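Taking it in order: structure first as structure tokens, then the write-up.
The values are calculated or read from the model by the stated rules, or taken from the named source; none is laboratory data. Quantities reported herein were computed from a predicted structural model and do not represent experimental measurements. In this analysis, Cβ positions are derived from the backbone assuming ideal geometry, glycine residues included, and neighbour counts consider all displayed protein chains. We work out accessible area using only protein heavy atoms, side chains counted, and drop any ligands, DNA or RNA first. Shrake-Rupley method; radii C 1.70, N 1.55, O 1.52, S 1.80 Å.
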Amino acid sequence: MKYDFAAIEPKWQKKWAEEKTFRCENHSEKPKFYALVEFPYPSGQGLHVGHTRPYTAMDVVARKRRMDGYNVLFPMGYDAFGLPTENYAIKNHIHPAKVTHDNIENFTKQLHMLGYSFDWDRVINTTDPAYYKWTQWIFLQLWKKGLAYKTTMPVNWCTSCKCVLANEEVVEGVCERCGAPVVRKEKSQWMLKITEYAQRLIDDLDDLDFIERVKTQQKNWIGRSTGAEVTFKATTGEDIVVFTTRPDTLFGATYMVLSPEHALVKGWLESGKLNNADAVKAYQAAAASKSDLERTELNKEKTGVCLDGVKGINPVNGKEIPIFISDYVLATYGTGAIMAVPAHDDRDWEFAKKFGCEIIEVVSGGEDVQKAAFTAKDETGILVNSDFLDGLTVKDAIPVITKWLEEKGIGEAKVNYKLRDWVFSRQRYWGEPIPMVYCEKCGWQPISEDQLPLLLPDVDSYEPTDDGESPISKMTDWVNTTCPHCGGPAKRETDTMPQWAGSSWYFLRYMDPHNSEALASKEALDYWSPVDWYNGGMEHTTLHLLYSRFWHKFLYDIGVVPTKEPYQKRTSHGMILGEGGEKMSKSRGNVVNPNDVVAQYGADTMRTYIMFIGDFEKAASWSDNAVKGCKRFLDRVWNLSENLTDSLEYTPANESAIHKTIKKVADDIEAMKFNTAIAALMALVNDFYANGCSKGDYKTLLLMLSPFAPHMCEELWETLGFNAAGMACQQAWPAYDESKTVAAEVQMAVQVCGKLRSTITVPVDSDEAAVVAAALADPKVQKFTEGKNLVKTILVPNKLVNLIAK
RNA sequence: GCCGGUGUGAUGGAAUGGUAGACGUAGCGGAUUCAAAAUCCGCCGGGGGCAACUCCGUGUGGGUUCGAGUCCCACCACCGGCACCA
């Protein structure tokens, strides 16, 4: 019989679908296990090989855990709102809902084709009104708690998408999605107060089993820094509050810098306090017109303007110091104003040199501060020229000055974060409508919860507008409504939610996907929470992963979900590169389509190869030749089935290898070392070829291989008549006996003075004396020990003996 | 600049401080075949030697250890994240 994957694979896929083999219930005697992969954005290109790596990996884990006796939830869905669909719809004049529907159909077919063990009764789609009803509901709860607010501020504006972006969506000054330049635009936007959760988002990482680089990247992004806020006085009477991480250097503050957008500057200009108003206004205008890229350009010359007519007063010594405006001070961080200590800060030093400001050393221990700033914060620095702080180390001076500031009422300890509130509105069509109404009399009002879902209206044109308004704004029938509060005329919000809204809570919906009363029932949430293991891409670390942790914490605070954190464990896969090690792209012509691979080699080969390709966490490049190697392996397994001995016992020569492999494959799957798990199975098959293979040997092999190559294993399982107790995927993982993982005789390395000289074969667990005696009997060893005294021996049981001879 | 990671044959990659290169590709030799494909068997880090064998070898230089790819120190290269964040 030939291994005809083209017939076998659809046969089993059909059976699994019809019998709902992988459906799971929200209750069980078994322990629960919730395995999650990031749901795809159903693009027109279909499933990418990049998707198959995490999906296959978690499918292997899910299948293995079922065999371990868990009640496994392994769901799939579609994150279908978003710009590419909208852009495709515009270009081809097809409704985005239709495009989405077709793409989802294609994705579903492909996911079935790969034999994934998803519970298909729990599929969700973020564009389904029954789903986004609850996305809107969560937004309303955020609004009720004051965590959603609308405000006018400078925001990131993508010049190509014609849409605002969150900070997280701007990568190196350009749009994360399309690569177009991002500029600052003053716009009124819905914002979510993620900053209120900054500290908890850091602290709660400690108890989670996330890979370290995810934790550090999130901490980096949140960017906590501790210091103090200090109030300086202006000679015109106003308070100027600054944030500093180095309050110890306060005596060295010789000037101040405000961001060009700072409110005080506007005030001084309006009240005519500034003698150089024209220069100041010109500088403000120049700063405003700069793109993010220009503003953050590396090693840029410092620029600025000194305010003529107003000075600051250093509160520790009463000195009058000049005030500048400069774009190296950001309006959106801290208070938008700094005290400048050029002797101990590189940026301030550079600015001071250019503008001729005074540089006073207040921390000794470095080089001449006139030549370079001394920025060390450790014990090497001793305070000088600082009155009561003199003689203290930097570390000791900080609490002393902070306490002093607090006592005098001119400052306090303060923590700042780089994290900004989440800009939550988009001027586009294909997203969840924001369920808010604006009334001239009552301001912003939420629509009543019983009116949800607020449906996305049909429009004729989805084109984004150049004036920065959503396409829906032209739909006057929809826009004009009545105020839920006073009943008077009012207008709906026409911006929609960002792409990240639907994915911020989707894992909860899988727990109870058809619930019309709540986003999920309390019983379902209690049973399945939290997600036990979530695998996804590193590119989502400071986007989806952070956003969904924030939403989950909010839902926890209002009593909707039972756990503080959504995901207990987070792992991440490396990218799949093209044949030459370059990123796959249409322009390079190195894109691998899973459909082609499955057609040529079958899904089991595709699955096995994508797991064997290399270290799961690292990038790996595709190799057509190596795919053939995996096909060859599966063929060898198949062909072996025709030469089995009848016994259901293990063949003695294979026994210890089988026990060892059972342990290794199980451990490797849990550790995501899929490549070595498959290597171990290959080695075992090589043993079977060499030693012969019994039905019993083969049965265990099929069970171990079934998570990787489920179709072929089911077929063989059936053909060989093992199926009385159900399919292979429904069996228990084979048991191993630790004592049998070691053969009766072991080969041991013999070193003389640390150098390998020979190997000997001895009975397992031989004691030191026996091993040493056997080693000394070896002529190759004798060559190096002859005429010397054995000073010491080191034994590593069953592995190695080292003879120290002098 | 700060944080994290990685450096091993021709190649993808293996190695709880204990026989470096498992397993797979490619390559070479053989069997089978009219021939090829497929399949099966063998070889496959470098130098020296007919051989037995021997010396060298995990980015570089030191160190700890009976023993280091693995631990420590310094450096080099590359990759990823953050970055005028006060």
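When you scan region A:366-373, do you find a residue that is outside any loop (DSSP other than H, G, I, E, B), free of Cβ contacts under 8 Å to residues at least 60 places away in the same chain and among the acidic types (Asp, Glu), even just one? Checking region A:366-373: not a single residue is outside any loop (DSSP other than H, G, I, E, B), free of Cβ contacts under 8 Å to residues at least 60 places away in the same chain and among the acidic types (Asp, Glu).
The combined condition, being open to solvent by less than 60 Å² (accessible area, probe 1.4 Å) and either of a type in the set (S, T, N, Q) or within 9 Å of RNA strand B (Cβ to nearest atom) (or both), is fulfilled by residue A:801. Restricting attention to region A:545-568, the residues that are open to solvent by 10 Å² or more (accessible area, probe 1.4 Å), in contact with a Ser or Thr (Cβ under 6 Å, 6 or more places away or on another chain) and either within 16 Å of RNA strand B (Cβ to nearest atom) or under 30 Å from residue A:618 (Cβ atoms) (or both) add up to 0. Condition check for residue A:751 on (1) of a type in the set (S, T, N, Q); (2) closer than 30 Å to residue A:14 by Cβ; (3) touching a residue at least 40 places away in the same chain (Cβ under 8 Å): one failure, at (2).
Among the residues making up region A:448-480, those that are outside any loop (DSSP other than H, G, I, E, B) and open to solvent by 30 Å² or more (accessible area, probe 1.4 Å) are A:449, A:450, A:451, A:473, A:474, A:476, A:477, A:478, A:480. The requirement of being out of contact with any Cys (no Cβ under 8 Å at 6 or more places or on another chain), assigned to a strand (DSSP E or B) and open to solvent by 20 Å² or more (accessible area, probe 1.4 Å) is fulfilled somewhere in region A:492-510, by at least one residue.
Remark: residue A:440 matches the filter, which requires a residue to be touching a residue at least 24 places away in the same chain (Cβ under 8 Å) and more than 25 Å from residue A:225 (Cβ to Cβ). Each residue in region A:142-152 was checked for being touching a residue at least 60 places away in the same chain (Cβ under 8 Å) and touching a strand residue (DSSP E or B) at 6+ places or on another chain (Cβ under 9 Å), and 6 pass.
For region A:182-204, enumerate the residues that are touching a Ser or Thr at 6+ places or on another chain (Cβ under 9 Å), farther than 26 Å from residue A:141 by Cα and away from RNA strand B (no atom under 16 Å from the Cβ). Scanning region A:182-204 gives a single hit, A:186. From the list A:749, A:743, exactly one residue is out of contact with any Gly (no Cβ under 9 Å at 6 or more places or on another chain), at pLDDT below 85 and within 13 Å of RNA strand B (Cβ to nearest atom). Which is it? Checking each option against the conditions leaves just A:743. Residues that are acidic (Asp, Glu) and under 16 Å from residue A:665 (Cα atoms) number at least 1 in the following helices (runs of 4 or more DSSP H) confined to region A:694-781: A:695-705.
Residues in region A:545-565 that are part of a loop (DSSP other than H, G, I, E, B) and closer than 17 Å to residue A:134 by Cα: A:558, A:559, A:560, A:561. Within region A:417-441, the residues that satisfy the criterion of being closer than 18 Å to residue A:81 by Cβ and within 16 Å of RNA strand B (Cβ to nearest atom) are A:422, A:423.
Could you please let me know if residue A:184 is open to solvent by 60 Å² or more (accessible area, probe 1.4 Å) and in a helix (DSSP H, G or I)? The answer is no for residue A:184.
Annotation note: of A:126, A:195, A:235, the sole residue that is closer than 30 Å to residue A:455 by Cβ and touching a strand residue (DSSP E or B) at 6+ places or on another chain (Cβ under 9 Å) is A:126. Pairing residues of region A:403-417 that are without any contact (Cβ under 8 Å) to a residue 24 or more places away in the chain with residues that are open to solvent by 50 Å² or more (accessible area, probe 1.4 Å) and within 16 Å of RNA strand B (Cβ to nearest atom), at Cβ distances under 8 Å and at least 6 apart in sequence or on separate chains, gives A:406/A:412; A:406/A:413.
Against the list (1) surrounded by 21 or more Cβ atoms within 10 Å (Cβ to Cβ); (2) in contact with a Ser or Thr (Cβ under 9 Å, 6 or more places away or on another chain); (3) of a type outside the set (A, V, I, L, M); (4) within 21 Å of residue A:607 (Cα to Cα), the condition residue A:78 fails is (4). Of all residues in region A:205-214, those satisfying the criterion of being more than 9 Å from RNA strand B (Cβ to nearest atom) and either free of Cβ contacts under 8 Å to residues at least 24 places away in the same chain or assigned to a helix (DSSP H, G or I) (or both) are A:205, A:206, A:207, A:214.
Conditions (1) closer than 30 Å to residue A:151 by Cα; (2) in a strand (DSSP E or B); (3) out of contact with any Ser or Thr (no Cβ under 7 Å at 6 or more places or on another chain), marked per residue:
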residue: A:395; (1), (2), (3): no, no, yes
residue: A:398; (1), (2), (3): no, no, yes
residue: A:402; (1), (2), (3): no, no, yes
residue: A:407; (1), (2), (3): no, no, yes
residue: A:412; (1), (2), (3): yes, yes, yes
residue: A:415; (1), (2), (3): yes, yes, no
residue: A:419; (1), (2), (3): yes, no, no
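Please enumerate the residues belonging to region A:756-806 that are under 23 Å from residue A:738 (Cα atoms) and basic (Lys, Arg). Passing the criteria: only A:799.
Screening region A:569-621 for residues that are assigned to a loop (DSSP other than H, G, I, E, B) and either surrounded by 21 or more Cβ atoms within 10 Å (Cβ to Cβ) or at pLDDT 95 or above (or both) and picking the one that is nearest to RNA strand B (Cβ to nearest atom) gives A:613.
Within region A:683-711, the only residue that satisfies the criterion of being under 21 Å from residue A:63 (Cα atoms), open to solvent by 10 Å² or more (accessible area, probe 1.4 Å) and under 36 Å from the mean Cα position of the chain (by Cα) is A:703.
Criterion applied to A:132, A:70 was being buried (at least 19 other Cβ atoms within 10 Å of the Cβ) and touching a Lys or Arg at 6+ places or on another chain (Cβ under 7 Å), and the one residue passing it is A:70. Checking the condition open to solvent by less than 70 Å² (accessible area, probe 1.4 Å), away from RNA strand B (no atom under 14 Å from the Cβ) and either in contact (Cβ under 8 Å) with a residue 12 or more places away in the chain or of a type in the set (Ser, Thr, Tyr) (or both), which residue from A:718, A:714, A:738 passes? Going through A:718, A:714, A:738 in turn, the sole match is A:714.
Any residue in region A:341-354 that is open to solvent by less than 30 Å² (accessible area, probe 1.4 Å) and away from RNA strand B (no atom under 14 Å from the Cβ)? There is no residue in region A:341-354 that is open to solvent by less than 30 Å² (accessible area, probe 1.4 Å) and away from RNA strand B (no atom under 14 Å from the Cβ).
If you go through region A:642-682 and keep only what is farther than 25 Å from residue A:57 by Cα, surrounded by fewer than 22 Cβ atoms within 10 Å (Cβ to Cβ) and more than 13 Å from RNA strand B (Cβ to nearest atom), you end up with A:644, A:645, A:646, A:647, A:648, A:649, A:650, A:651, A:652, A:653, A:655, A:656.
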